[in-house]
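Encoded as structure tokens, the structure appears first; notes follow it.
The values are calculated or read from the model by the stated rules, or taken from the named source; none is laboratory data. The structure presented is a predicted model; accordingly, all values stated were derived computationally and were not measured. All Cβ positions, even for glycine, are placed from backbone atoms using ideal geometry, and neighbour counts span all protein chains on display.
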Amino acid sequence: MELLYMFWIFFKVGLFTVGGGLAAIPLLQVEVLNEGWLTKAEFADMIAVSESTPGPIGVNIATYVGYSQFGPLGSIVATLGIVMPSVIIIILIAHFVKRFRDHHIVEGIFTGLRPAVTGLILGAAAVIATIALFNYDTYLVTSKLIDLFNIPALIMFVGFMVLTKFTKFHPIYYIVLAGIIGIFVF
Amino acid sequence: MAKIKGSILLKLYVVFFRVGFFTIGGGYAMLPMLRKEVVEKYGWATDEEMMDYFAIGQSTPGIIAINTSTFIGYKKAGIIGAIFSTLGMVTPSWIIIISIAMFFEQFADNAIVQSAFMGIRVVVVVLILNAVIKMGKKSIKNWVSLFVAIAAFLFIILTSLSPIYVVVGSAIIGIILYTTKREVA
């Protein structure tokens, strides 16, 4: 029953992920945190792992969550869940729709959807920032403003913002570099 | 006949396994590899068809890489072809992530691994922000789209409700805006 429930959760995520790339992240984040399957930190780590390993990010995260909750069987169920809506919808479209892109309604949907997905992903980044760049939980306990800021992390943040503005390597290189710096700094 | 069908299914599985295996980061990163296999090596589609498949993959629900592989599989060998290409695409992810998950179980409490990930989390924020800036430049063009983006952002940070509401709501706003604009024009 719990497996079936997890299948349904990932099916929903697959069904409402539109626009590709990181669009699955806000949906996955809300579901996975609400269900208590991963912590914010674990979720952020999985984004890094998914960006550095082969395969689509959404599939990678689903596989990991499924495995962490129910072992190998769970990982298969979660992966099938996130993939199933794609397979059904694409088969229907490939079969019935001749010229999908020309449909005006699709263009209309995307004028609203694109900015919304941009905002959603920014929101997901903000949630991760609360643990990556700030010590929000410590601040709640001590109420000292200085405790709110994770100074070394903020310095790293600015450094990497500048670095990624002027260099265009694959994300994996920045992730490895940040990991090495992290070992020495934290 | 059955033999030919079996060999095309195996080919679909192997090709998409390869694409899945060599695409790090998903989405757009897989396009060059996919083109090489599907257009150049096997001639399953022309460049134009390939771009159409990718465009459809982008504008339908689901993960782009999966959508595109499903589409090509269906065009080549029907529903069973779609299933084989999709399974090919997800198998490398599955094997690699399971191995990593096992590693995590062993080393998650290791102090060095924990420090490394504290650094990595910072760069995760940077990478997502960069993606958002890129998307924003293309998607936020007027006051309405800016308002939609800000509303979606606030929805995520202030509530723990599902973003599905935002996805559906913004799609409806988009349809209304688009149809009213067309009627005026």
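Regarding B:Val113, is this residue surrounded by 21 or more Cβ atoms within 10 Å (Cβ to Cβ) and part of a helix (DSSP H, G or I)?
Considered against the rule, which asks whether it is surrounded by 21 or more Cβ atoms within 10 Å (Cβ to Cβ) and part of a helix (DSSP H, G or I), B:Val113 comes out as no.
Give the stretch B:75-88 a look and list any residue that's more than 7 Å from chain A (Cβ to nearest Cβ) and within 24 Å of A:Val106 (Cβ to Cβ), or say none.
Correct list: B:Ser85 only.
Given the criterion more than 30 Å from B:Thr179 (Cβ to Cβ), touching a residue at least 60 places away in the same chain (Cβ under 8 Å) and assigned to a helix (DSSP H, G or I), identify the matching residue among A:Ile183, A:Ile131.
The conditions single out A:Ile131.
Would you confirm whether or not the stretch B:91-106 contains a residue that is surrounded by fewer than 23 Cβ atoms within 10 Å (Cβ to Cβ) and touching a residue at least 12 places away in the same chain (Cβ under 8 Å)?
So far as the stretch B:91-106 goes, yes, one or more of its residues are surrounded by fewer than 23 Cβ atoms within 10 Å (Cβ to Cβ) and touching a residue at least 12 places away in the same chain (Cβ under 8 Å).
Taking the stated definitions as given, is A:Ser68 of a type in the set (S, T, N, Q), surrounded by fewer than 20 Cβ atoms within 10 Å (Cβ to Cβ) and in contact with a helix residue (DSSP H, G or I) (Cβ under 7 Å, 6 or more places away or on another chain)?
yes
So, of the residues in the stretch A:22-56 that are hydroxyl-bearing (Ser, Thr, Tyr) and more than 20 Å from B:Thr86 (Cβ to Cβ), which turns out to be modelled with the lowest pLDDT?
A:Ser52
Quick one: which of B:Ile66, B:Ile24 is crowded, with 22+ Cβ neighbours inside 10 Å, of a type outside the set (Ser, Thr, Tyr) and within 9 Å of chain A (Cβ to nearest Cβ)?
Checking each option against the conditions leaves just B:Ile66.
Residues checked against (1) on the phi < 0 side of the Ramachandran plot; (2) of a type in the set (Ser, Thr, Tyr):
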position: A:Tyr5; (1), (2): yes, yes
position: A:Lys12; (1), (2): yes, no
position: A:Gly19; (1), (2): no, no
position: A:Thr39; (1), (2): yes, yes
position: A:Glu51; (1), (2): yes, no
position: A:Tyr64; (1), (2): yes, yes
position: A:Tyr67; (1), (2): yes, yes
position: A:Ala94; (1), (2): yes, no
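Among (1) within 16 Å of the chain's Cα centre (by Cα); (2) within 9 Å of chain A (Cβ to nearest Cβ), there is one condition B:Ile72 misses while meeting the rest; what is its number?
Every listed condition holds for B:Ile72 apart from (2).
From the set of residues in the stretch A:34-59 that are part of a helix (DSSP H, G or I), more than 21 Å from B:Ile64 (Cα to Cα) and charged (D, E, K, R), which is nearest to the other protein chains (Cβ to nearest Cβ)?
The qualifying residue nearest to the other protein chains (Cβ to nearest Cβ) is A:Asp45.
Just the residues that are facing chain B (nearest Cβ under 7 Å) and either touching a residue at least 40 places away in the same chain (Cβ under 8 Å) or buried (at least 23 other Cβ atoms within 10 Å of the Cβ) (or both), please, taken from the stretch A:4-18.
Of everything in the stretch A:4-18, those that are facing chain B (nearest Cβ under 7 Å) and either touching a residue at least 40 places away in the same chain (Cβ under 8 Å) or buried (at least 23 other Cβ atoms within 10 Å of the Cβ) (or both) turn out to be A:Gly14, A:Leu15, A:Thr17, A:Val18.
Answer yes or no as to whether A:Ala62 is touching a residue at least 12 places away in the same chain (Cβ under 8 Å) and facing another protein chain (nearest Cβ under 7 Å).
It is false that A:Ala62 is touching a residue at least 12 places away in the same chain (Cβ under 8 Å) and facing another protein chain (nearest Cβ under 7 Å).
Among what's in the stretch B:108-152 and is charged (D, E, K, R) and within 25 Å of the chain's Cα centre (by Cα), pick the residue that is nearest to the other protein chains (Cβ to nearest Cβ).
B:Arg121
Which one of these is outside any loop (DSSP other than H, G, I, E, B) and more than 17 Å from B:Ala65 (Cβ to Cβ): A:Val106, A:Val87?
Criteria check complete, one pass: A:Val106.
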